[in-house]
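Structure record follows, encoded as structure tokens.
The values are calculated or read from the model by the stated rules, or taken from the named source; none is laboratory data. Computed from a prediction, not measured in an experiment: that's the story for all the values here. Please note: Cβ atoms are built from the backbone with ideal geometry, for glycine as well, and neighbour counts cover all protein chains shown. Keep in mind that these areas ignore ligands, DNA and RNA; they rest on the heavy atoms of the full protein, side chains included. Shrake-Rupley method; radii C 1.70, N 1.55, O 1.52, S 1.80 Å.
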Amino acid sequence: MIRIEGLHHQIAGAEVLRGIDLTLPEGGVTALIGPNGAGKSTLLSLIARLIRVQRGRIEIGGHVVGQTRDRDLARVVAVLAQGAHVSARLRVAELVGFGRYPWHLGRPGAADHAAVDAALERFDLTGLRHRFLDELSGGQRQRAFVAMAFAQDTPYLLLDEPLNNLDIAAARDLMTLVRGLADEAGRTVVIVLHDINYATAFADRLVVLKQGQVVAQGAPGEVVSAPLLADVFGTAARVEQIDGRPVVLV
Amino acid sequence: MGRRLALIAGVLGVCACAYMLVGLTGPLGFVLPYRGGKLAALALVAVALSVATVLFQTITANRILTPSLMGFDALYVLVLTVMVQALGASGFAALSPPTLFAVNLAGLAGLGLVLFVVLMRLAKGDMVRLCLTGVVLGLLIRSATHLLQRLIDPGDYQVVQSLSVARFTQVDGTLLAIAAAAVGAGVALAWRLRHRLDVLDLGEAAATGLGEPPARLHRQALLLICLMVGSATALAGPMASGGFGPSSFFGLVVVAFARLVTPTHRHAVLIPSAVLIGAVVLIGGQLVLERLLSLSTPLIVVIELIGGATFLILLLKRRAA
Ligand SMILES: Nc1ncnc2c1ncn2[C@@H]1O[C@H](COP(=O)(O)OP(=O)(O)OP(=O)(O)O)[C@@H](O)[C@H]1O
Ligand SMILES: [Mg+2]
């Protein structure tokens with residue numbers, strides 16, 4: 001469970017998060033949506049302790065962020081930051097191998113190698129394992145980064161816009177994999193998405209952020225509506241029900 | 001990788017033997033220990049600067065800058081000047097070599113730490129800002145030093161000048177032992193950081209996510225850098241640490257070459273590779289210049305020449321990429 005209480009955050013004097021209270025249950029996929037600059041990445045980074053909590057409290061899987069040792073937390077939550085890239089020249093298998101670091105602290109054992117192989121297999125990267133990251137397409141690279149977060153083998157997985165730059169096939173494949181992480185591997189996934197149709201298709205819950213506040217949350221069918229889109233995004237898009245779920249017509 | 005490292009180690013062995021044995025004349029009982037001391041000093045300087053440069057490049061996430069380029073060397077002259085200023089030339093000359101070394105090391109390491117912490121704060125991870133801040137701080141230190149030198153007695157000033165130039169001539173055995181202990185400790189601790197440094201190379205966010213928040217690692221690495229560069233500088237004068245005076249480019253050349261010869265993201269390979277190549281460059285270079293060519297050209301000049309070219313190439317490659 002992720003429990004957030006009274007979370008405020010300021011960047012350069014501007015209030016980016018304004019009193020977030022949010023509880024995300026164990027398991028399933030939660031999509032964080034909202035317009036650019038709403039504070040989604042900030043919220044995710046705070047949960048993943050990539051930035052320090054200024055005011056409020058975040059608890060993840062029973063660990064209070066900021067009071068738990070970094071190494072311990074790295075075994076509880078894995079994060080893929082927005083626009084992740086590495087400057088070091090790494091091969092795919094090496095990148096995914098770094099996901100095991102919290103468990104072996106630099107000395108990988110047989111179990112770690114097996115976990116890397118399993119991650120590569122699951123993300124269909126086995127054939128690319130010896131390629132350098134800069135020799136991959138954007139979608140393949142993105143998959144490698146998610147595979148690394150998967151290999152970290154944490155109960156919680158935070159992904160910030162993993163669908164950036166992906167074509168429809170790559171995006172659907174990746175979301176299917178993410179869905180599988182929740183359903184088969186029992187992970188709790190929080191994912192920032194921009195395309196609301198992907199959110200409604202693949203997530204169990206939506207949390208809608210606007211100007212640093214949670215303005216709606218719940219199952220996709222309850223949350224997504226034309227008035228909400230008009231209010232949050234300020235755009236008049238039609239919403240139709242198809243196969244029992246809302247679809248935004250763009 | 002292992003074979004390449006072994007190969008470089010072999011080259012180093014040949015260089016070291018040749019350095020000891022080529023052109024032996026005179027009483028062996030005197031010449032061999034003399035050469036041995038100098039060889040050890042060269043090796044210590046090479047090791048200290050190579051490892052320090054690897055650490056510095058990793059924590060600042062760049063492949064071009066070195067501690068020496070960032071104004072560390074200017075500190076050497078400043079510390080000397082302050083000492084002469086405080087003690088007078090005669091008081092300064094009366095210091096025993098170990099005392100001088102200790103004060104020098106403490107001053108260099110302490111001020112170096114302040115310098116680098118300020119640098120990293122001001123640069124905020126931006127490479128261009130880091131470069132500019134380094135240049136500006138280096139200038140500031142040099143100006144402060146000049147100001148101090150104006151204030152001291154011209155005779156004392158001579159002392160500072162004669163000491164500011166690199167010297168690999170006379171090596172005091174006690175100093176060598178102290179410096180070896182300090183550098184050895186630095187290298188051993190740096191070796192223990194190797195896996196964490198690998199993680200740091202992934203970037204701040206990824207490193208934090210894997211349980212290695214950069215801030216602590218930065219502090220530890222900076223301490224080691226200051227200890228190692230400080231020891232090397234206190235032992236051998238600014239040739240060790242460069243600055244824009246003597247050899248600023250040694251670390252740069254060595255680490256760039258190490259990355260070329262043993263391309264890897266693993267510090268477990270990069271650190272030994274840089275150490276070996278650093279020793280080959282310094283000892284081999286000295287061997288060629290001093291023994292084979294009998295040139296009086298200081299090695300610094302050659303290193304600066306190659307280093308300047310390497311710096312430009314790296315810079316241009318970076319712009320093109
Ligand atoms: N380093 C920073 N300096 C100044 N302002 C920042 C910084 N990082 C974020 N902000 C501001 O904080 C607010 C929230 O940013 P955040 O990145 O959390 O938004 P987001 O919802 O993830 O947006 P996007 O969909 O564009 O990724 C924005 O108004 C942004 O301008
Ligand atoms: Mg964002």
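Descriptive notes on the structure:
- For A:Ile191, distant residues with modelled amide H under 5 Å away: A:Thr30, A:Ala31, A:Leu32, A:Leu159
- Per-residue HN-Hα couplings for segment A:243-249 [Karplus 6.51, -1.76, 1.60; θ = phi - 60°; Hz; x = Gly/Pro]: 6, x, 9, x, 10, 7, 8
- Note on segment B:166-237 and segment B:12-31: Cα centroid distance 31 Å, given to the nearest whole angstrom.
- Ratio of the Cα radius of gyration of chain A to 2.2 N^0.38 Å, where N counts its residues: 1.01
- When the residues B:Asp156, A:Asp231, A:Asp204 are ordered by accessible surface, computed with a 1.4 Å probe over the protein chains alone, the sequence from largest down reads A:Asp231, A:Asp204, B:Asp156.
- Ellipsoid semi-axes in whole angstrom, largest first, where each is sqrt(5λ) of the Cα gyration tensor of segment A:80-153: 18, 13, 11
- Choice from B:Leu44, B:Leu217, B:Leu55 showing the highest fluctuation, given a GNM over chain B with Cα pairs closer than 10 Å: B:Leu217
- FRET efficiency estimate (nearest 0.05) - Cβ-Cβ, B:Leu151 to A:Arg3, R0 45 angstrom: 0.10
- Zone of A:Arg69's modelled label, taken as backbone nitrogen in segment A:100-117 under 20 Å from a point 7 Å along Cα→Cβ: A:100-109
- Tail beyond 32 Å, pair distance distribution of chain B (Cα, percent): 26 percent
- GNM flexibility winner over chain A from A:Val29, A:Val215, A:Val92 (Cα, springs under 10 Å): A:Val215
- Ordering A:Met148, A:Ala88, A:Gly99 by the projection of their Cα atoms onto the charge dipole of segment A:80-153, which places +1 on the Cβ of Lys and Arg and -1 on the Cβ of Asp and Glu, puts A:Ala88 at the extreme positive end.
- For segment A:1-113, the fraction of alpha-carbon pairs in successive 5 Å shells from zero, as %: 2, 9, 18, 20, 18, 14, 10, 5, 2, 0
- For A:Phe150, solvent-accessible area (1.4 Å; no DNA, RNA or ligand), Å²: 20 Å²
- Between B:Ala18 and B:Ala215, residue separation times 0.36 nm minus the direct Cα-Cα distance comes to 66.5 nm.
- Phi-derived couplings, Karplus 6.51 cos²θ - 1.76 cosθ + 1.60 at θ = phi - 60°, listed residue by residue for segment B:51-66: 5, 4, 5, 4, 4, 4, 5, 5, 6, 9, 6, 9, 10, 10, 8, 9 Hz, with x used for Gly and Pro.
- Couplings 3J(HN,Hα) of segment A:104-115, computed from phi: 10, 6, x, 10, x, x, 4, 4, 5, 4, 5, 5 Hz, in residue order, whole Hz [Karplus 6.51 cos²θ - 1.76 cosθ + 1.60, θ = phi - 60°; x for Gly and Pro].
- Relative to its residue count, segment A:98-218 spans a Cα convex hull of 129 Å³ per residue.
- For the residues B:Ile152, B:Ile64, B:Ile303, a GNM of chain B with alpha-carbon springs under 10 Å puts the largest fluctuation on B:Ile152.
- Within the protein assembly as shown, the proportion of C-alpha pairs whose separation exceeds 45 Å stands at 30%.
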